[in-house]
Structures are given as structure tokens and as C-alpha cells.
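Okay, structure first, notes after.
The values are calculated or read from the model by the stated rules, or taken from the named source; none is laboratory data. It should be emphasised that the depicted structure is a prediction, and the values quoted were computed from it without experimental measurement. Here the Cβ positions follow ideal geometry from the backbone for every residue, glycine too, while neighbour counts run over all protein chains shown. SASA here: full protein model, heavy atoms, side chains in, ligands and nucleic acids out. Shrake-Rupley method; radii C 1.70, N 1.55, O 1.52, S 1.80 Å.
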Amino acid sequence: MNVDQSYNVVVSMDGTKYSSISDLGNLLVSSKSGTVHLDSIATFSTSTAPASITRENKERVNHVTASLAEGYTADVVQQKIQTALDQHLLVSEGVTVSQGGDMQQMAEYGPTLVIIFLLALVLVFAVMAAQFESLVDPFIIFATIPLLLIGVIFIHIITSQAFTLFSVVGIVALIGVVVNNGIVLVDSINQLVRQKMPVKQACLTAARTRLRPILMTTMTTILGLVPLAFFPGEGAEMMQPIALTFIGGLVTAGFLTLFLSPSLYSLLNKRREKRFFDPNSLANQLAVFDKEGR
């Protein structure tokens, strides 16, 4: 006999004839000695039982699911549920109670995402430091990253959306997008400074000339994500937090980058003006060498 094989056994009876427990007891059952009433060999009792039995890893489980009410977040609700369980639920021996959902995912994958976040920052910083040949310019660009958190938090508040694991994924992906605006702006300032333009004037000129490209790229990205963020439709609810994160982060970081990056550049790179006429600077030595070579 195959022990893994299961059989469906369906028992039915005429409800008009058997409407009480006593009627069931009068059922006749055949035996070797004849027929006997069922209540002579069996006992009857009424009780409640689940409509279905669910098992995971060969253990019986029951899932109780609910959705967040408007104005509540997952972390607040989980704390309230845990407090209610500790105060009012008496757990029998062998029974365990656990909570799932967004907070469970954050607890499981949060440390991994933190490592990914830090690794992304280190790699981006290393690439920019090599390209700019400076440690100050990457720092100026990195100063715009906290600005995206302002928009991310604000848009989750006004839309009453819970901060989920996908929101964190959106922040990690948003880092590379936000620093692009800073790279373009700082590179434009560097080009003007190399032409011996005063640092302050170079910052103002670059911010003015790069205003339109930065706004165009930011607005096109935001408008492309509006349907997914505010009209997700069926099956797209999981991607909605990523779209909201992108929109909120781009709105604040995209606009404030135009003010913060030039200001920091003017404060931290003022010394570059002193090298304009320094004969020992590499740029001036190369310029003299080019003139003599001609």
C-alpha cells in the first residue's frame, strides 16, 4: 500500500430524515451478528472545527490577515498587536504566534539592504573621486543625497502610504539617479574654473546654464512614473512604493541640488582661485610648456 496516496471520502445523508443526533443514533449498521443501531457502538457530540486545515512544513498553521487602516503605519500597528497579544492571549503548549508582513520583511532583509546601500555609496564615491581627481568634489555631490530623504518621507506622509521594503529598494536605486544632476553641475563648474573664471561667478553661471537640462531630465522621469505611483491598477501595488520614492526624492533633490551644490563648491573650492596665476601650479606649467612648444 502506498502511504503517500490519499483518498477523498465523502459522507452524505438525507437531511429530511436525519435532522438530529438521535436520528443518527438510529442508523442501522451491519455486523457479523446482524444489524445494530449506531448509537450502541458510537457516541456523538457537537463541536466546532475549521472548514479547512492548512499545513506548512508538516505543521498545522492558521493565517490571520488584515489591511492597514488609513492613517496607520505597519510599525505602529505591529506594536499595538504585539501588546494586545501579550496582555490578552493565552497560548497553549506547543502553539507559537508570529507576525509577518512588511515589518517582518524589513527585519529579515533590512541589514542586507543597509550593506547594499553602503556599498553603493562607496563605489559611487570611488568612481567620482577617480574621475574628478579630487575628494572634495565627490563630497559636494554626496551632500545632495540626504535631500532625497526629505521628499521620500513627505510623499509617503501626504499619500498615507506605508514605508515598505520596496521603498528602501527605491532609495537605493534613486542614489544613482540623484547624483547624476550633481555630477553634471560640478563638472560644468570645473570647466569654467579651468578657464580662470572666479569660483563664485563660475557657480552662478553653471547653475544658470544647467538649470534647464536638470529640470527637463527630472520632470520627464517624474511624469513617466506618475501613472505607476498614483494609478497603479491591479498587480502593480508592489511597485507603487518604488515609484512614490522616486517622485518624492527627485522633486526635492533635483531642485535643491541647483542651490546646495554651487554653494558648497563656492565654500570648499575657493582656494582654486589662488592657483590661477601660481607659476608652480601644474595647469600653469602645462600652459607655459604649450606656448614654448609652439
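Observations on the model:
- Cβ crowding within 10 Å averaged over residues, with 246-254, 29-37, 216-224 ranked highest first: 246-254, 216-224, 29-37
- Solvent-accessible ranking of Ser167, Ser12, largest area first, probe 1.4 Å: Ser12, Ser167
- Local electrostatic count, Ser261, Cβ distance below 14 Å [Lys/Arg +1, Asp/Glu -1]: +1
- Between the beta carbons of Ile81 and Met219, assuming R0 = 45 Å, the FRET efficiency works out to 0.60 to the nearest 0.05.
- Residues of region 131-170 with amide N under 12 Å of a point placed 7 Å along Cα→Cβ from Leu268: 134-145
- Efficiency of FRET from Cβ geometry, Ser12 and Val172, R₀ 51 Å, rounded to 0.05: 0.30
- In terms of its C-alpha gyration tensor, region 28-71 has a prolate overall shape, because the principal axis ratio a/c (a ≥ b ≥ c, square roots of the eigenvalues) is not below 1.5 and a/b outweighs b/c.
- Taken along the Cα-to-beta-carbon direction at a fixed 7 Å, the label points for Lys32 and Val127 span 8.4 nm.
- Val97 versus Arg212: modelled label distance in nm, points set 7 Å from Cα along the beta carbon direction: 6.4 nm
- At R0 = 51 Å, FRET efficiency that the Cβ-Cβ distance of Gln201 and Ala69 yields, to 0.05: 0.40
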